[in-house]
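Working notes, beginning with the structure itself.
Just so it is clear, none of the values below were taken in a lab; they were calculated from the coordinates. Remember, it's a predicted structure, so these values are computed and weren't measured experimentally. All Cβ positions, glycine included, derive from the backbone under ideal geometry; neighbour counts span all protein chains shown.
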Amino acid sequence: MTTTMNDAIPTPGLRVLAALRALAVDSSRSTTNMFYAADRQAWVLRNLFPLQAIRIAAHLSNLIPSVRVDYIDNLPVPGTAFWGNNRWHIHLRASDPADTQAFTVLHELKHIIDHPLRQQPNSLDAARWEALANYFATQVLAQETRSGRGSVIKNDGTNNDIPTDLHDSPSQPNAKTGGTR
């Protein structure tokens, strides 16, 4: 039996976060593999979320009930994520434009997805975890543009590939082809 990407799409609900985490569980040993896992996670998330990505902040809790998104006045940063009261919280700066909030909620969601991996020894430093979260957010938004869903988010193509300065070494697998660079 052949397994396709469609077989990997969980139904919305409590298992979505676990399914997204499972896509990266064996990838934490290399930066390149983590970016490849982020691509797969972005693909799964876009297929679970049929609305325009710009509206994801308002509807993320419907998709992943263990995550609550709140809009906070005077938040000094675009967003933050934390665990409290038996659930994940993402706080977004209320005054930011909707496209910034969409990017930020996806960035913070990636930190939530990767939380268990960050607790284990791995090769990523803080800057690479941030780059990975940015990459994931960009990929979710870019998939909408590539699928023709008509988002107001414009993708200039500069973040479609894994940043070359974040590859582990020339001998690591290429995230797009599975070959080496």
**Fill in**
Residues TRP129, TRP83 in order from fewest to most other beta-carbon atoms within 10 Å are TRP83, TRP129
**Message:** Suppose the chain between ASN47 and THR80 were pulled fully straight at 0.36 nm per residue; how much longer would it get relative to their current alpha carbon spacing?
**Reply:** 9.4 nm
**Item:** Cα convex hull of segment 61-108 - mean projected area over all directions, nm²
**Value:** 3.3 nm²
**Fill in**
Long-range amide H partners of SER30, meaning residues 5 or more apart or on another chain whose placed amide H is closer than 5 Å, are none
**Request:** For THR100 and VAL25, calculate 0.36 nm times their separation in residues minus their Cα-Cα distance, and state this gained length in nm to one decimal.
**Result:** 24.1 nm
**Message:** Take ALA58 and ILE72, extend 7 Å from each Cα along the Cα→Cβ direction, and tell me the distance between the two endpoints in nm.
**Reply:** 2.2 nm
**Residue order, fewest to most surrounding Cβ atoms within 10 angstrom, among ASP96, ASP114** = ASP96, ASP114
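Within segment 48-127, what percent of beta bridges assigned by DSSP are antiparallel, to the nearest 5? If you can, show how the numbers build up before the last one.
Values: 6 of 12 bridges.
Of the beta bridges lying entirely in segment 48-127, close to 50 percent run antiparallel.
For TYR71, TYR36, TYR135, what's the fewest-to-most ordering of other Cβ within 10 Å of each Cβ?
Numbers: TYR71 15, TYR36 21, TYR135 25.
By the 10 Å Cβ count, ascending: TYR71, TYR36, TYR135.
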**Request:** Please give, to one decimal in nm, the separation of the simple spin-label points placed at GLN120 and ALA18, each 7 Å out from Cα toward the Cβ.
**Result:** 1.7 nm
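Rounded to the nearest 20 Debye, what is the dipole magnitude of segment 48-107 about its Cα centre when Lys and Arg each give +1 and Asp and Glu each give -1 at the C-beta? Spell out each step's value before the answer.
On the way: 4 positive and 4 negative charges, 37 e Å.
Roughly 180 debye, rounded to the nearest 20.
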